[in-house]
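These notes are about the structure you will find just below.
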Ligand code: PRT
Ligand code: ZN
């Protein structure tokens, strides 16, 4: 996984939610996990797909943008694939042009220069659209290229859009919606390794599910039960408990598989619920 950068904090956090604690300091290349027979290799994100492909590592955590780019750029087809999307480090790979540039479709880029750190992804898009344009490869600060007259457009990652805006650019086409992925070469996983990985995957799935899920508790008149069950977001059969000394009212406990918004709580209240509590769930295993 990435040593430091936009992927690393969330990755360490996810591993810690899986009960995996990293023994040594993060500045080292190699970390031993105490709880499972797993060693962590901390590297630059760009090296991760290659390490997994070559068998240096069995698993990797990397942005979909990097995996896609390297697969497209590879001379031989890569066997490395996604085993679990992890849901964080979300961003988009987009084409952007200066705000004043008129852009109708990709054909408008014919004969233009486009700066990017993702030449293979951009090349694939242009080829599919049968547009001939010049790709200017830059390793960083791609967003300044139009201002420096190095290029007429850029193809880069955006998250909030603030960088584009600050550089007078507008996104006109999305190539990829990216997120962090757990990747592996499944053709190489077998025996004890596969068993350890399955254990890790079960924990990862549980940690990811728990992250979104909430435990909801509320009181409601018995008669409001059907209405409340309809409102509870993504909840499987709620638990209904009697309230001591109050035969007309019940307590309802439910696990919601989605985020619970204020709007949902307002709807529950309007349907007759009171004492509504929404609690985070730490771990989950089905
Ligand atoms: O040192 P190393 O090579 O490991 O790190 P790196 O510098 O190559 O990558 P890093 O840490 O910047 O990003 C790692 C991964 O995070 C990327 O490959 C993406 O999968 C993901 N990610 C998510 C992002 C962003 N969001 C993001 N906003 N990567 C980069 N950006 C940059 C973007 O390039 C642009 O310069 O942020 C700027 C835009 O951000 P906004 O919010 O202004 O739109
Ligand atoms: Zn990198």
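No value in this document is a laboratory result; all are computed from the given coordinates. Everything numeric in this text was worked out from a predicted model, so none of it was measured. No Cβ is skipped: glycine too gets one built from the backbone with ideal geometry, and neighbour counts run over all protein chains shown.
Could you grab the relative contact order for segment 2-118? Cα pairs under 8 Å, six or more apart, rounded to a whole percent.
19
Tell me the relative contact order for the chain as a rounded percent, counting alpha carbon contacts under 8 Å between residues six or more apart.
For the chain, the relative contact order is 18 percent.
Using Cα atoms only, what is the angle between the long axis of helix 119-128 and the major principal axis of the chain, expressed in degrees (0 to 90) to the nearest 10?
Here the helix axis deviates by roughly 90 degrees.
Roughly speaking, what is the stretch gain from residue 174 to residue 129, that is 0.36 nm per residue apart minus the C-alpha to C-alpha distance, in nm to one decimal?
Gain on stretching residue 174 to residue 129: 14.8 nm.
Select from 243, 175, 225 the residue whose mean-square fluctuation is largest in a Gaussian network model of the chain (Cα-Cα springs shorter than 10 Å).
In this elastic network of the chain, the residue with the biggest mean-square fluctuation among 243, 175, 225 is 243.
Working from Cα positions, state the angle (0 to 90°, nearest 10) between the long axis of helix 8-17 and the longest principal axis of the chain.
Roughly 30 degrees between the two axes.
Please work out whether the chain counts as rounded, prolate or oblate from its C-alpha gyration tensor, where a ≥ b ≥ c are the square roots of the eigenvalues and a/c under 1.5 means rounded, while otherwise a/b larger than b/c means prolate and anything else oblate? Display every interim value, and only then the final one.
Working: a/c = 2.80, a/b = 1.51, b/c = 1.85.
The shape class here is oblate.
Assign one of three labels to segment 1-158, namely rounded, prolate or oblate, based on the Cα gyration tensor with a ≥ b ≥ c the square roots of its eigenvalues; rounded applies when a/c is under 1.5, prolate when it is not and a/b is larger than b/c, and oblate otherwise.
Prolate, because a/c is 1.5 or more and a/b exceeds b/c.
Fewest to most neighbouring Cβ within 10 Å: what's the order for 182, 106, 122?
On the way: 182 20, 106 17, 122 26.
Exposure proxy ranking, most exposed first: 106, 182, 122.
Which FRET efficiency value, to the nearest 0.05, do you get for residue 188 and residue 27 by plugging their Cβ-Cβ distance into 1/(1 + (r/R0)^6) with R0 = 25 Å?
Plugging the Cβ-Cβ distance into 1/(1 + (r/R0)^6) gives 0.30.
How large is the translational diffusion coefficient of segment 139-279 in µm² per second when you combine the Kirkwood radius over alpha carbon pairs with Stokes-Einstein at 4 °C and 1.567 mPa s?
Values: Rh = 20.1 Å.
Rounded to a whole number, D works out at 65 µm²/s.
Specify the angular offset, from 0 to 90 degrees and rounded to the nearest 10, of the alpha carbon long axis of helix 191-212 from the longest principal axis of the alpha carbons in the chain.
In the chain, helix 191-212 runs at an angle near 70 degrees to the longest axis.
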